[in-house]
Amino acid sequence: MIGLAATSVYLYFFGSPSVDDTTVTPPVASILDGPIAFVHHRDIYLIYPYGSNRTQLTGNSGRNKNPSWSPDGAKIAFTSDQAGTWDVYVINSDGSDQINLTTHETADDYPTWSPDGTKIAFVSRRDGNASDQEIYVMNADGTGQTRLTNNPWADLFPAWSPE
């Protein structure tokens, strides 16, 4: 049912002429109560399932993408190139305290939180593997960055088990 609700929101955003701060009812009822993070023209926004309270979180000079909620809903990890290369950032869900966690000269991307919120997995081209991407994990504060894979082909889209 959550997948169906997410699909309904996707169709609403891209099927409607505009999204504003008015309350609307999507085509399929949603069981989601909290906001949805999404990317719109280089920035990360929040909006509630029925289209209300659209809020811009980022407004920097870079492109921002791939938002990922912390399990407690307090923070959002995302990727931005505002420092000149793609890095993993964390921001509070109210848009405050944006922090660059990876500060590496090669691209870091696709952050995803561990179920307990203490770690973030991500993809990077660092460690001399410039043509292929590997999976890394770090503490939620950016310390302890460790490569988990080392393959001749790209390893992408890490996803934690809920266990």
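Neighbour counts of other Cβ atoms within 10 Å put TYR50, TYR45 in the fewest-to-most order TYR50, TYR45.
Net charge within 15 Å of PRO152 by Cβ-Cβ distance, Lys/Arg positive one each and Asp/Glu negative one each, not counting PRO152 itself? Spell out each step's value before the answer.
On the way: positive: ARG125, ARG147; negative: ASP127, ASP132, GLU134, ASP155.
Residues close to PRO152 contribute a combined charge of -2.
Phi angles of the stretch 146-162 translate, via the Karplus equation with coefficients 6.51, -1.76, 1.60 and θ = phi - 60°, into HN-Hα couplings of 9, 6, 9, 10, 7, 10, x, 10, 5, 10, 10, 6, x, 9, 7, 6, x Hz per residue; Gly and Pro are given as x.
Three semi-axes describe the equivalent ellipsoid of the stretch 49-106; taken as square roots of 5 times the Cα gyration tensor eigenvalues and ordered largest first, they are 21, 13, 9 Å.
Starting from 0.36 nm per residue, how many nanometres of slack lie between GLU163 and SER96 once their C-alpha separation is accounted for? Mind showing how you got there, number by number?
Numbers: separation 67, 0.36 × 67 = 24.12 nm, distance 3.02 nm.
Fully extending the segment from GLU163 to SER96 adds 21.1 nm.
Other residues with beta-carbon under 9 Å from the beta-carbon of GLN133 carry, at +1 per Lys or Arg and -1 per Asp or Glu, a net charge of -3.
How big is D, in µm² s⁻¹, for the stretch 57-163 by Stokes-Einstein at 37 °C and 0.692 mPa s if Rh is the Kirkwood radius over C-alpha pairs? Please list the in-between numbers first.
Numbers: Rh = 13.7 Å.
D, rounded to a whole number, is 239 µm²/s.
Extension gain, ALA154 to PHE38, is 39.2 nm, computed as 0.36 nm per intervening residue step minus the present C-alpha separation.
Each reported figure results from applying straightforward, stated rules to the coordinates on display, with no laboratory input. This is a predicted model, so every value here is computed, not measured. Here Cβ is always computed from backbone atoms with ideal geometry, including for glycine, and neighbour counts include all displayed protein chains.
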